[in-house]
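The block underneath contains the structure these notes are about, expressed in structure tokens.
The values are calculated or read from the model by the stated rules, or taken from the named source; none is laboratory data. Every value quoted in this text rests on a predicted model; they were computed, and no experiment measured them. Counting neighbours? That spans all protein chains shown, and the Cβs are built from the backbone with ideal geometry, glycine included.
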């Protein structure tokens, strides 16, 4: 299955229709009817949710000591999305709270 942008398809069909010269003949009338049927058919198709890719956070940068917002000494790590390379700062031991990559949307395995 290939997911497409239905709104973009309708825009392209509209551009084609706007380029036609309508002289009132049967041929032109049939073309406009075909356009209307095509657009209606696109609108009637069901929508699907794309499969979300699976990923995992990788700790490639070691850890660094700092303080959290409550002033408690904490270890921070830099975690990397294995799908797109996005880097996020997290508190060591709490990477499981990030279930999705905010950059590419990959669903993350929850492992420390």
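Here are the numbers for this structure:
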| item | result |
| --- | --- |
| Filtered residues of the stretch 69-107 (kept if modelled with pLDDT under 80 and part of a loop (DSSP other than H, G, I, E, B)) | 69, 70, 71, 72, 92, 93, 94, 98 |
| Filtered residue count, the stretch 11-46, keeping only those that are outside any helix (DSSP H, G or I) and out of contact with any helix residue (DSSP H, G or I) (no Cβ under 8 Å at 6 or more places or on another chain) | 5 |
| Qualifying residue in the stretch 44-60 (condition: modelled with pLDDT of 90 or more, within 30 Å of residue 5 (Cα to Cα) and exposed (fewer than 10 other Cβ atoms within 10 Å of the Cβ)) | yes |
